[in-house]
Structure formats: C-alpha cells, structure tokens
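A.B. asks: I'd like to ask some things about the structure below.
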Amino acid sequence: MFKIKRFMLIAVLIAVPFLAVTGLNANIEPIPLEFDLEPMYEAVFASNRYTQPETEAIVTDNPLVNLDGYESIAENGQLRLYYKPDDLSIRVEDLQSGYVWGSSFDTTDERLNQTWRARVHSAVWITYFRRTTIRDEVVEEAILSSGMSQITTTLQQDGFTSRIIFGTSKIELTLHVHLTETGLRIFVPHDSIVETENNRIGNLKVYPFLGAVKAIDEVEIPGYTFLPDGAGALMRYRPQAPEAPTIYTKSIYGRDIGLYQVDQNPAVFPEPMIHLPVYGIVHGTNQNAFYARLTEGDTSARVVSYPSGRTTDFYWTFFEMVYRIQYEQPTSRNLGSIVTIQQNMTPIDVGIEYHFLSNQDANYVGMANHYRASLVEDSILSPLPVHDDLPIMLDFLMTEQKTGFLWNQYLDMTSTDAVMSMLDRLHSSGLTNIHVGLKGWSRNGYHGTAPNYFGFDRYSGKSGYVSLFDYLKKANIDTYLHVDYARGYSGAGGYNPMTDLARTIYGTAIQGQVGELDYQWLHPRSTAKIFRNDLSNFTKYGITGLAFDTLGSHLYSTHGSSAPYDRQMSVNTYIDMLSVYDGVIAMPAAHAYMFPHLNSVLDTPMYSSQHFKFTDTVPFLTIVLRGSVHLFGHYTNQYAHFADETLRLIDFGVSPSFILTDAPASTLAETPSEIYNATHFGSLEPHVVAQYHRVNDVLNTVIGATLVQRQVIHSGLVRNTYDNGIIHYINYTANAYVINGIDIPPTEVVVVLS
Amino acid sequence: MKRILLLTTFVFFLVLVVRPSPVQANPSGVPYITYTMGTRRRLVPTQTAYVPVGILNANYPLNNPSDITVKGGYVVVANTGMKNVVVFNTNGTFVKTIGQGILAEPLGVFVDEQMNIYVADKEAGAVFKFDFEGTLLYTYSRPTQPLFGEQSVYRPEKVVVDRGGTLYVTGEGAVNGVMQINAEGIFRGYFAVNQTRFDWRMRFTDLFLGITDQLARNLPPAPTNLTIDNEGLVYTITSNIEPGIKKFNMLSVPIMTAGYTPDERLIGIDVDQYENVYVVDAAGVIYQYDAYGNLLFAFGGSDTGAQRLGLLNRPSGIAVDTIGALYVLDRGYNVIQIYAPTPIVTLIQEGNYLYDIGDFDGSLEVWQDVFNMNSNFRVANSALGRILFRQGEFDQSLEHFITAQDRHGYSETFWELRNRWLQAHAGTVILGVIGVVTVNTTLNVTKSKPKVKDKLRTWTRPVRQHPVMQELKMLFGILKNPADTFYQIKRERRGTYYVAIGLFIALFGMVLGSHGLTSFLFTRVELHRLNLLVEFAQVIGILMLFIVANHLVSTLTDGEGWFRDLFIGTIYACAPLILGLVPLAILSNILTYNEQFVYTFIEMILYAWTALLLFIMIKEIHNFKLGETIKNIIITFFAMMVLALLGFVVYMLVNQMMEFLFSLFKEVIIRVQN
C-alpha cells in the first residue's frame, strides 16, 4: 500500500509539465491532473466544508404571509410594494412569479409570545441604553412594543417615508422605503435620529423577519440562507435540532479592534471574516430568492442569523446596525473596571437594497452574478483585460530579520539576481503570465520593518533592485512590493509612538505580536501621512505595484483623547490615500470597500467558518470577483491536502501562488517566517511548473467567462457551467462517475467544450 | 535565594515571555493551527495534519457522553446522561443502545476482540460485561481479596481488557494506580503506578508551615485514563506529571514515555495499529505521537460558544479507527467530531514503518518528501540524520541532526567525523609535533632562541609593565598562591576598583562567551533567547549581593576586611572561571558524549576551585579561623536571603502603590468624562 502511495506522491512532486490532448472525443477534455490518488475521507464531502446537492422541492406560495389589510402603494414593473400603516410592515410581490415576500407573519403563531409578536410585526426594532443612577440598562423596543409609538407617514409615488417616535424611549427616527428600478431600498439617515437625555440608541434592525421561514418538525419552505462568511456559506433549512443552536452574528469587515478586545487563542486561526455586506434568502432553489446589500452603514453593521429553535421557530436573518456599544472600561491594570457606554453615536446612515430573483437566478450563483453586475454598474468593479493564460503569483522572500542576543541578524534569503534567473527558468517552462510579489525588500527584512521601508535590503542593494525593476518592466510582469502602512513595529522607526498610534475606546494602544516582534496599529491618518511621504520614492525607483498586507483586511476605529475616528472615516482615509497612487495594488483577503482600487486579491478566502449550523461552503466571493480582480489562492507550498486544495482552486476559479526563496527554508527557523515550511526554489521548481499547468489547462478555457450554474451532482462531484458553453466536472472524491456518458475519473477535472 | 532573585527578575520581565507566532493566513480552511515539534524543541506551525470531517451523531442526540471506543466498524459511546451505551456505525447510523436499566453512571467503555462490551460504572461500583447483543454476561464487582484492601474504594471510571481477559480499571480512589483484575474477577494488584515526586518546594513549605498531611501529599497521582494496543500493552495518561503519557510492558515497567507533555489536564488516549498514540487535553487540543513518543502534531482548540466544526468545547474521549480517522467525543456540545488525516500523516507513518522493517532506502525517500513539505520538521530531520548516518553520509547526517537538535545523533555522527579526520591527519599531527619540538631544540642549541625571546620581551615591555597588567598578574598568582595574593590585596593595598570592575565585566563576558561557544551537546542555553538583564542579575547581581551581605555580616562579627578588600578579593577569587570558562567552551567543540566526563570534570573543577578561593578569601581578608569562616559564610547566605526578600517586598509595595494611584486617577477621569 505504501509503495503505491509513495509513487503517487513522487508523481505529484515531479509531475510532467505538459498535458497533451490526444485521441479523445473532440469536445471532451479530461485533464490528467496526476495527483496523489489519496482523496479526502469520504464522509467529509457531506460536511459543510463542501457544497451539498440541491433538493428539488417546489415552493408554490409563502404560507406565512398574505395581502389582507395591506395597501398597494408602488410598482416598478417587476415588484409591487404593499404596506400596513399602523406597524409599517410591508409585502413585496414579485410580479413575474406572483410570489409574495413579507416582513411580518399573517398567521397567528401560538408559540410566539406578546413581546415577540410585537417585534415580528414592527418595521423597526431598536436597542437603547437607559441611563439609571447605577448603570446604563439595555432595553429593546419595537414600534408595537408599547402601543404608544407615533408614526407619521407620507406616501410617495415609489414608496413611503415615516417619522417614528418610539413610545417608551421617545427616540425618533425617519424610515424611507422605496422601490427602485430593480429592487427595494430602505434608508434611515443618521441625522434623523433624535435621542433623549437618558435614552441613547444602541442598535437598529429594519424588517428583520423579511423572508423568515418556519421550521419545527418539518420545514415549511425548503431553501437556505446565504451568509457571506469567508468564501460564502449556506444554512439550509432543517427541522429543529434537539439542542438549541447558537445565533450567527458577525461584524461585517471583521471585529473592530478599536472597540472590542480580541484575545487570539494561539491554537486557533482568526475566524474567516465577512468581506461583503450582503446576505441572501432562498425560498425554493431556482424559484424565489432575494439578497440584501448594505449600501450605506456597512462599516458599523453585523449580519445576524437566527436558526430555528433559537428563541423562535423561525430562520430569520438581518443586518444589525450598531450605533453605540456598551463596554467595560478598565480602571486598573488587573481586574477593576466600570461598565459604561460609548459617548458619541457612530454617525452611520442605513441604506439597504433588496434585490428579488426568481427561477434560474434564485440561488447563490444568481445572487453573486447579480451583485457583481450591480458593483460593475456602480463602477466599483471593472472587467480585467483578458489574457490567454491564467496568472500565477510568485512571492519572493528577499530578506528576513532574526532576533539576536545583542543585535539582529538579517538573513539573505533571495538576491535580486536570483529572482531574475528563477523567472527566466520559469518563463522558459511556459509560465507566461507571472505576477511577482517581493517580501522583505527593504533594509530590515520582511517582519519588523513596517512602516519604515526605505532603503533596499542590505544584500542586493539599491542597484540590485533598480535592475530587477527594470527587468520586470521589460518582461511586462506585474510586480507588487509588500508593504504594511497600518502597523508600526517597535523599534522600526518611521512613526511617532506618541502621536501616530491608534487608540482603543479604553484609551490604550492596540498592540499585537508576530513571533517575538511587537507592533502597534497606527492611526489611519498617520498611515496615510507616512504612505504619502514614501510616494516620491516609489516614483523614483519605478515601483509600479504594492501589496498592502493589512490595509484591506483590518478595519478599526480609533478613539483616545482626540475626536473618535470611526471605521467609515478610516475607509475614507485609506481610499483617499490609495487614489493618489497610480500603480497596481494587491491585498490579502480584502474587504469590499477596497474593491475599486484592487488589481489582485491574495490569500483569497476559500472556506467558511464551518459553524455547526452551516450546511455548505460556497464560492460566492470568488464568483463576485472573478473577471474583475486577479484572484490568487494561499501558497501552494503550504497545502496539506494537495489534490483536494488544487481541485478547490479550479472549482472556485482561483489562480495558484507560491512563496519562494533561493536559500533553504530551514534558514528561516526561529524567525516569524518559519511558518513557511518549504520555500526552496531548487526543490520546488518542477512543482511550481506542474501546478501552474495543471490549473491553467482547465481554467484558461473560461477566462473572461461567467459562471452561470454550479451544480453539485453528488457529494464531492461539482458541475460548473460557464456562459461560453464550457462545462467543468470537478470530482473531489475517490469514486469514478459516468455523467451523461462522460467518464469522470476520481480526483480529476473533465472539461466539456460544447 | 537564587530562586527568589530569579523570581524577582521574572516579575520584571514577564512581558517578554515568548508566545508562538500566530499565523494569519489559513490555507486549509480548518479552524485550528497545526503545530509540530520544530527545531530547538519548540512547537512550530506546520501543514494541516487532520481535517474535521463532520459530526458522527448528527441525527442522534447524546447526553453528557464520557467515553468512546471504535472497533470493527462500530463506534461505541458511554452515554452517561442517559445511563446507557450507544452503538453507531462508523458512517454515523444509529445501531442500538445497550445496558438500559442496568447502568447507573457509565463512564468508561471498551470493546474486546470478540466484540464484548465492557462498561465501567462508577455509581454502580462495577464493571459490566455485555455481549454485542446487549446481554449482560458478567458483573465485576468490588474485589474481595485481602490484597485489594479493606478500606479501598471501588468506583470504576475507565476500563480496558487484554486478550487474556484481564481488566485494567481506573477509578476514583484507585490512588495506587490501575487495578488489574483477571477474567474471573480476582484482583491481581496495581499496575502502571506513577513515581512519587520528591518536591523540594513542598518540603520547604512543610518545614515552615508544619503541614502534617505528609502521607496524602506523597501519594503518586493516579492515571486518569488508559488504552491498550494490539500487543496487549497498556498506555496511561496522568495529568500534572512529567512525563504524563506512558506505555507499560507486562511487568508494569514504563517502556515508552511521550517526549512532550501538554500543560493542560489530559482527558483521553488511544493508540492505532502502528502504535501511534493520540491524546486529547482539556483545552481541546489533540496530540499525535509516533511509536517512539515523538510529538508529531498538535492541533485543535477550545470552542467557547461559536460551535465551529473542528473545535471542542469539553472533550471527554478520543478513539482512532483502522484507517486513521479520529473520533473525538465532546460532552459540552454532545457530539462526536471526526477528523481525517492528510497525506503528511500517512507519509510519516510510512517513513517510520519502512525504517522499522529495515528498508532504509525506501524510508529515506519518504522522509525526504516530508522534509520537502516542511524542512524544519524535527522528526523528519532526526530520521534523515539516522538513515544518512547508517549510510555513512556523515556530513549530511550531521546537518539534519543539528536542525533536529538531536544531541545523541549529533554526538555519534561527530565521533565518526572526528575519527575520520584523526585517521586522515594522524600522520600530519604527529609530524607537526615532532617538527615543533625539533625546531625548539635547535633554537635552544644554536642559542638563537634567547635572542628571539629578548626581542619579544623588549617589544612587549611597555605593555607588561603597565600597572594594570601588573595587577592582572594577580589572577595567575591567586591560582598558585591564594593566601599570599589575598594578603597582598589586604595588606599591600594591591588592586584597584577600576580593574576589579573591569574584571566583573570580564567575568560576565566570559559567561556569555561560554554560552555562545559551548558545543550544543553540552548546553541547552540558546544565546539569542537569553535576556541580558536576567543573565546579568544571575552572574553579577548575586556576586554583588554576596559582597554586600558579607560586608554587613562581617562588620558585626569582627571581620577585619574592608569593603574594598572584599570587592576586589571576590572577583579575583573568580579567577578560575574568568580564565577557564571560555577555553572549556572551545574544548567542548571537539568532544562527544563519549568524553562527557572530561567536560563535566573540568567544569566541576572550575566551580569547586572558585568556591574554595572564595572560602580562602573570606578567611584571609577577615583574618578568621576555620570555624569562624564557616559560621560567617552561613550567616552571609542567610543575610543574602533576607536582603532579596526585602527587595522583593519593597518592589511589591511600590507596585501596589502605583497600581492604586493609577486606578484612582483613571476612575476619576472616567467618572468626570461621564
């Protein structure tokens, strides 16, 4: 047994770099991937690590809602909007299919108590802090909670505007509900919110029960909730589990480290984040669906999803807007603290757009395509120029710092000459669309340098880099120099620890550690200032691309003595800062606010958080970004299950990447880069070439094409259909399948050119 | 004393404690970081070794399950909350429950080769034996043999059974180890007993606080869980002892101990057919060891509410099936999570297997593949070193041993290399020695040598006659004639503060130098991990404390010495260390473990000599008699302890004070702001 496996592994490591298509059916192209034939453990394909097959249940109407007592107030050709004046609940009728969506339930549900019934029927539901002599109490109030709320509604041609005064808290706000050309838009401007002396607003939910589904012993409407967790996740509706599942709640763009203390367990990876401000609900796959998109307020919002069995018998999902938080202010260095609330309300407008989809668009692929189209329309995304071959990202680790006893050591990992000779060799092996990333190009090595980048590394020097940049420019290779202007390492210089640091709401600096190196997060204003100072150097040396290691994936507010700087202000600062730079930009796992400036996404999220209640992981993020941004996966050198992870690259449409050094990886022991287990180009070269051709030979058939259907035929067998007519069958499993007369061997991909 | 001082410095530098590097990018989508034993015995991140596959009992709720075992395609769980045992297929289908109505608190479960199910029941005070259909075959109640003891409690918690039908039972009160009970229920004695610890700290507290409960304290901790391999050998885990994971032979002698014991409470253990050992701890981390006890992988983590696949809330057991999948029981979420190995795990097993059957070429290739996946993998480097050593590739072998920090392997390889060098160069060396001697003699005969010598003397005269050099001569003088030299220091006022301070710095430098230069065979100190201040406190701080304490004590006990004499005398007494440490360190580089005695002997001499010189110094400087000197030294040590304690107390008080002021200030600010 061992012998066979070993041969397979050797085959993987030194796979033949060419794949000829000969003597086969003219339009079917099985791609021999030459993997280690050891597939994943069979049962894993049924887990939420993969996408599951669809059920074919038919949904005729929505049993929770009807139109009795609702006034029709607007219509846009696709949708008709109804509302009820006393609680502002709405009904949206899809004119094409006749399906009705509702924000509340018309059935009298015997398992809902009075409080919950009020919440379900109310359009708006807030959480506020009531000041008492001891502390600020957290109170929830929906429009119908007290029976004393005042609503003044103005009807317009396309919807209505209501002024709401809550009965108990007396907090006031204005709700705008309008049909747009393609969907429904909700808007709550922040300057319409009026607080009282003792009641301060905390959170806001608008139409949280829109699209809710009841499930006790059986599911009333089959379908799923799409959550933008990591790559994307589905929570299919299932009968209630015997044990109450947890609520899914996650901040869009990650937790704000300026507001919350995040203790990272060293045994656990940081959880995948929400990169896109969307969620979706499907009632009957390929029948009825909508997705909601936050157009305003995304920097201070959470996606919350309640599974059935958790407080109610419903699956319901919504955006929760956070204006203000309660927190424990430490008063001593060990344990003492007092509970207090954030002084100023975060000034965010709430803008939610609902887009309703039907038939073949009513699924996560349809949502992703529709969302992408709207981003293109808003000029947030634009199509990439089409290249014949797939790109590959090669990151070179040039130098790295190693902490020493008296002074630090600088490891010479790769010289600029070595980079050029490696690129020459790879180019001659048929890698024609290389993108290059340089890590540790500045004087003090990769880690521990930020934000102080100039001059160049002490081994290759300025002249080495100038000739390398020249070479890369002539070869027309997109090059990204890795920089990190959001962090300041202790002792790195280039920033002023008194004025340039970000502060938490507790007033402390936000610190972190990489290996044994300490760093602090910088104030976004300082980030922009330091970056602008370096701009002239980028021009001077002909640096045409930058990879910002943290800017796109770490968003925080900053507080302290000066006026608070919320996350939207941070975003605006970063956007302004990047708009003056005219080179290409790459970022790892970037959030949506960076999309207008991105050329490449590194470390593209390929998985979800795999919460127990999730049933599937889906490539939502990659479908949205494909064709507009180069997507690069995690370093192939780090792969644990090579075959499986490569198949996922192909399935998700993501290009491979590697990290390479000229010196052996063992040199990196006891540096922060020791996490790169194997980087030595001498050993990896055939592997790089083979991996590139393996992925390129499949994916170059669909460059510039759009994925229109993604179907899971069996657990672990995926069929991707593209709009240029090409079909990819991706078989993750150990089983051979025959689908429509096409043989699909285990752990391989078959391309059908119809 | 040193400990207290160390503690003090530790409090100061607590912030500098090293934490593992957090990895941001998550290539395999698993929630946990996988660590392996890296070089220098640190846990370093590596490729994902196990992938969470899902939940086995997705359709069947468990209630506070306590133990799990896998046999013959079935997963058997002690479902404590429901007072029964649940049987699943390995694909997750519920098969049946057994023992309903018989079991009261089933905590442990085991399935033997004939598929009989044994259940350890704590509440019922018995081990029940069922056949696979669920018929009760036998009840192992409390043993009645006198050997078991009148007072002994019998509350079984975990059980395993060997092929002969002998039961190994752990339980509450089984403080003597694992109870061994034969198939007929006759108590055979205690098995797998842990060693009693001799704890200096405990003795010390006893001495001062007079806690009399000595007996209870000195009982060895009992194993908390156990497993058995195909050969019938028992493995146990015991929390809070080092090593906590052991394998025993039939005679209850430990024959394998795990090279790394987790700090957390150990929960469950299982062993696969290749004798790889799997352990889960209370923090939800799963450890895989190879048959030799090397830590291969550590992965997993605790889940405190998020409910993510792969993380554990309150793990209560672990089992491994024949294809290497792990089943981990979680009594917090009432689930059985499954983990499947990735190819790197299979490769390592294969490498070990080929090595064990003697296929070194095959094994070499496999380990080379593992090395290509992670070149800092300790086990891979060690294995490559061993194989290359066998093949006579000593140079390469040595490199791998250095990376792996495999000291014994390095020592053996270095011996071979040194031997080869000596054989190749023996002639040259002997010729060289003869040559030098001949030249020397010739020079002497032709009387040209004095000329050379004279010339040398003339050249170096200004240096040699410099007062500092004159003073430094005492370093050598003290070695030959300590009493005289101390007399010179005291009576002739030889020696200055400047030079003495210089020598203190030199001593510190020599200590650092010896750390840096000693072959890694003889030291575990890693130069770049040293904290300069801690090191300084340990070397110079203690000497200073000694000088101050001795001065204080001696002024009260009629010592004649002045502070100056003590200060200068002490550093000159350290002459053996100043002169010897670095040469010893250099020498260590050509030694192997075969000549270890040479190193330890010289090292001992250096320290003993220094101690002796210090003794003579006190005697001479203070003009004490022998008895007085001894008394003086004992009191000095006591004074040092008191001084250190005093320093510690002052430090704590100041710290508390600062803390109080800080809180006060902060709270006022916050209250005012609100």
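A.B. asks: How high is the relative contact order of chain B, in percent, counting Cα pairs under 8 Å that sit 6 or more residues apart?
C.D. replies: After rounding, I find 10 percent.
A.B. asks: A further question follows. Can you give the alpha-carbon Rg of chain B over 2.2 N^0.38 Å, where N counts its residues?
C.D. replies: That ratio works out to 1.26.
A.B. asks: Could you give the angle, 0 to 90 degrees to the nearest 10, between helix B:542-556's Cα long axis and the longest principal axis of the Cα atoms of chain B?
C.D. replies: 60 degrees
A.B. asks: Using 0.36 nm per residue of separation minus the Cα-Cα distance, give me the extension gain between B:Ala608 and B:Leu556 in nm, one decimal.
C.D. replies: On the way: separation 52, 0.36 × 52 = 18.72 nm, distance 2.81 nm.
Value of the extension gain: 15.9 nm.
A.B. asks: Between B:Leu251 and A:Ile338, what is the spin-label point distance in nm, taking each point 7 Å from the Cα along the Cα→C-beta axis?
C.D. replies: The two pseudo-label positions are separated by 7.1 nm.
A.B. asks: Give the lysines reachable from B:Lys122 as a straight Cα distance under 24 Å; neighbours fewer than 8 places away on the same chain don't count.
C.D. replies: B:Lys71, B:Lys83, B:Lys96, B:Lys158
A.B. asks: Relative contact order for region B:230-312 using alpha-carbon pairs under 8 Å, separation at least 6, rounded to a whole percent?
C.D. replies: Answer for region B:230-312 is 19 percent.
A.B. asks: In degrees, nearest 10, range 0 to 90: what is the angle between the Cα axis of helix A:681-699 and the longest Cα principal axis of chain A?
C.D. replies: Value to nearest ten degrees: 50.
A.B. asks: So what's the back-of-envelope 222 nm ellipticity for the protein assembly as shown, counting only DSSP H runs of four-plus at -39500 (n - 2.57) apiece and dividing by all residues, rounded to 500?
C.D. replies: Mean residue ellipticity at 222 nm (helix-derived): -10000 deg cm²/dmol.
A.B. asks: Here is a follow-up. Over every pair of different alpha-carbon atoms in region B:455-584, take the mean of 1/r and invert it; report that Kirkwood radius in Å.
C.D. replies: Value: 16.4 Å, from the Cα pair sum.
A.B. asks: Would you work out the charge dipole size for chain A about its Cα centre, treating the Cβ of every Lys and Arg as +1 and the Cβ of every Asp and Glu as -1, and quote it to the nearest 20 debye? If you can, show how the numbers build up before the last one.
C.D. replies: On the way: 50 positive and 78 negative charges, 282 e Å.
For chain A, the charge dipole is close to 1360 debye.
A.B. asks: Still on this model: With r defined as the distance between the Cβ atoms of B:Phe662 and B:Tyr498 and R0 fixed at 41 Å, what FRET efficiency is calculated, to the nearest 0.05?
C.D. replies: Approximately 0.45, to the nearest 0.05.
A.B. asks: With a ≥ b ≥ c taken as the square roots of the eigenvalues of the C-alpha gyration tensor of region A:211-349, please select rounded if a/c is under 1.5 and otherwise prolate if a/b is larger than b/c or oblate if it is not?
C.D. replies: Verdict is prolate for region A:211-349.
A.B. asks: Can I ask one more? Return the distance in nm (one decimal) between the two label points of a simple spin-label model at A:Val194 and B:Gln114, each offset 7 Å from Cα along Cα→Cβ.
C.D. replies: Result for the modelled spin labels: 8.6 nm.
A.B. asks: Which lysines have a Cα lying under 17 Å from the Cα of B:Lys473, excluding residues fewer than 8 positions away in the same chain?
C.D. replies: Leaving aside lysines fewer than 8 places away in the same chain, those within reach of B:Lys473 are B:Lys490.
A.B. asks: Considering only the other residues whose Cβ falls under 10 Å of the Cβ of B:Ile98, what net charge follows from Lys and Arg at +1 and Asp and Glu at -1?
C.D. replies: So the surrounding residues net to -1.
A.B. asks: Can you spot the aspartates and glutamates whose alpha carbon is less than 14 Å from B:Lys631's alpha carbon? Ignore those fewer than 8 places along the same chain.
C.D. replies: By straight Cα distance, B:Lys631 reaches B:Asp558.
A.B. asks: Can you tally the net charge around A:Lys529? Count Lys and Arg as +1, Asp and Glu as -1, for every other residue whose Cβ sits under 14 Å from the Cβ of A:Lys529.
C.D. replies: That sum, taken over residues with Cβ under 14 Å, equals -1.
A.B. asks: So for the protein assembly as shown, Kirkwood radius off the Cα pairs, Stokes-Einstein at 25 °C and 0.890 mPa s: how many µm² s⁻¹? Numbers along the way, then the final one.
C.D. replies: Values: Rh = 36.5 Å.
So the translational diffusion coefficient is about 67 µm²/s.
A.B. asks: Express the relative contact order of region A:474-619 as a whole percentage, based on alpha carbon pairs under 8 Å and six or more residues apart in sequence.
C.D. replies: 23 percent
A.B. asks: With respect to the cross-link table entries B:Lys480/B:Lys625; B:Lys455/B:Lys480; A:Lys402/B:Lys666; A:Lys402/A:Lys474, which display a Cα-Cα separation exceeding 30 Å?
C.D. replies: Violating the 30 Å limit, Cα to Cα: A:Lys402/B:Lys666; A:Lys402/A:Lys474.
A.B. asks: Compute the helix-to-body angle for A:567-579: its Cα long axis versus the longest principal axis of chain A, expressed 0 to 90° and rounded to tens.
C.D. replies: It is inclined by approximately 40 degrees.
A.B. asks: Using only the alpha carbon atoms of region B:276-391, find the Kirkwood hydrodynamic radius as the inverse mean reciprocal pair distance, in angstroms to one decimal.
C.D. replies: Values: mean 1/r = 0.0652 Å⁻¹.
By the Kirkwood definition, the hydrodynamic radius is 15.3 Å.
A.B. asks: OK, next. Could you state the orientation-averaged shadow area of the convex hull built on the Cα atoms of region A:389-457, in nm² to one decimal?
C.D. replies: Numbers: hull surface 21.3 nm².
Average projection, Cα convex hull of region A:389-457: 5.3 nm².
A.B. asks: By its C-alpha gyration tensor, with a ≥ b ≥ c as the square roots of the eigenvalues, how is chain A shaped: rounded for a/c under 1.5, else prolate for a/b larger than b/c, else oblate?
C.D. replies: Oblate.
A.B. asks: Could you work out how far apart the two model spin labels at A:Leu535 and A:Ala736 are, taking each label as a point 7 Å from the Cα in the direction of the beta carbon, and quote it in nm?
C.D. replies: That separation, rounded to one decimal, is 6.2 nm.
A.B. asks: Moving on to the next point. Do the alpha carbons of any pairs in B:Lys129/B:Lys247; A:Lys205/A:Lys250; A:Lys84/A:Lys250 sit beyond 23 Å of each other, and which pairs? Don't jump to the answer; show the numbers that get you there.
C.D. replies: Working: B:Lys129/B:Lys247 25 Å; A:Lys205/A:Lys250 15 Å; A:Lys84/A:Lys250 31 Å.
Going by Cα-Cα distance, B:Lys129/B:Lys247; A:Lys84/A:Lys250 fall outside the 23 Å limit.
A.B. asks: May I pose another question? Dividing the convex hull volume of the alpha carbon atoms of region A:237-280 by its residue count, what do you get in Å³ per residue? Mind dumping the intermediate values first?
C.D. replies: Numbers: hull volume 5.8 nm³, N = 44.
Considering the Cα atoms of region A:237-280, their hull volume per residue is 131 Å³.
A.B. asks: Taking the dipole about the Cα centre of the protein assembly as shown, with the C-beta of Lys and Arg at +1 and of Asp and Glu at -1, give me whichever of B:Met510, B:Val30, A:Tyr128 is farthest to the positive side.
C.D. replies: The residue sitting most towards the positive pole is B:Met510.
Readers should treat all values here as calculations from the given coordinates under stated rules, not as data from a laboratory. It should be emphasised that the depicted structure is a prediction, and the values quoted were computed from it without experimental measurement. Positions of Cβ are generated from backbone atoms using ideal geometry, with glycine treated the same way; all protein chains shown enter the neighbour counts.
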